[in-house]
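Trainee: Here it is, the structure in full.
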């Protein structure tokens, strides 16, 4: 039995069966490829289901993330932080908007969009 098959069997015991994932236990990614715990390489055609559109483990991205996490990982919009203000200014400089709102989740983004549309 492969390591991926072993994890698939263990997953059946602990995860609710709302959908059946592929019986491949991913271990790491590099660029457009992911690797399973058995060392097999796969082309990631779904980009981590839309969250890894820039690929996996790009040195510049991992370096930038590590630098930021070493300072502070997350503040939400309850507190100001310089990178958020600077990014907002850059985004506004390239589009039609005068203001924007950073969201913590898709649910929050949908709620904000509904509130803005109602104004």
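The values are calculated or read from the model by the stated rules, or taken from the named source; none is laboratory data. Please read all numbers here as calculations on a predicted model, not as lab measurements. All Cβ positions, even for glycine, are placed from backbone atoms using ideal geometry, and neighbour counts span all protein chains on display.
Trainee: Quick test of your reading of the structure: residue 48 fulfils all but one of (1) outside the structural domain of residue 26 (by TED's automatic domain parsing); (2) on the phi > 0 side of the Ramachandran plot. Name the failing condition by number.
Mentor: Failed condition: (1).
Trainee: Now for a different question. Yes or no: segment 22-37 includes at least one residue that is loosely packed, with under 11 Cβ neighbours inside 10 Å and touching a helix residue (DSSP H, G or I) at 6+ places or on another chain (Cβ under 9 Å).
Mentor: Just the residues of segment 22-37 that are loosely packed, with under 11 Cβ neighbours inside 10 Å, to begin with: 22.
Subset that is touching a helix residue (DSSP H, G or I) at 6+ places or on another chain (Cβ under 9 Å): 22.
Yes, some residue in segment 22-37 is loosely packed, with under 11 Cβ neighbours inside 10 Å and touching a helix residue (DSSP H, G or I) at 6+ places or on another chain (Cβ under 9 Å).
Trainee: Do we have residue 34 as touching a strand residue (DSSP E or B) at 6+ places or on another chain (Cβ under 8 Å), part of a loop (DSSP other than H, G, I, E, B) and at negative phi here?
Mentor: Working: touching a strand residue (DSSP E or B) at 6+ places or on another chain (Cβ under 8 Å): yes; part of a loop (DSSP other than H, G, I, E, B): no; at negative phi: yes.
In short, no.
Trainee: Hey, residue 53 hits all of (1) in contact (Cβ under 8 Å) with a residue 12 or more places away in the chain; (2) within 26 Å of residue 109 (Cβ to Cβ) but one; which does it fall short on?
Mentor: (1)
Trainee: Please pick out the residue among 107, 64, 82, 112 that is surrounded by 10 or more Cβ atoms within 10 Å (Cβ to Cβ), farther than 30 Å from residue 5 by Cβ and not assigned by TED's automatic domain parsing to the domain that holds residue 2.
Mentor: Numbers: 107 fails: surrounded by 10 or more Cβ atoms within 10 Å (Cβ to Cβ); 64 fails: not assigned by TED's automatic domain parsing to the domain that holds residue 2; 82 fails: surrounded by 10 or more Cβ atoms within 10 Å (Cβ to Cβ).
That would be 112, the only listed residue that is surrounded by 10 or more Cβ atoms within 10 Å (Cβ to Cβ), farther than 30 Å from residue 5 by Cβ and not assigned by TED's automatic domain parsing to the domain that holds residue 2.
Trainee: Residues in segment 13-23: is at least one at positive phi and without any contact (Cβ under 8 Å) to a residue 24 or more places away in the chain? Full working, then the answer.
Mentor: As a first pass, look at segment 13-23 and keep what is at positive phi: none.
No, every residue in segment 13-23 fails to be at positive phi and without any contact (Cβ under 8 Å) to a residue 24 or more places away in the chain.
Trainee: Shifting gears a bit: Among (1) touching a strand residue (DSSP E or B) at 6+ places or on another chain (Cβ under 6 Å); (2) over 24 Å from residue 109 (Cα atoms); (3) surrounded by 12 or more Cβ atoms within 10 Å (Cβ to Cβ), where does residue 41 come up short?
Mentor: Every listed condition holds for residue 41 apart from (3).
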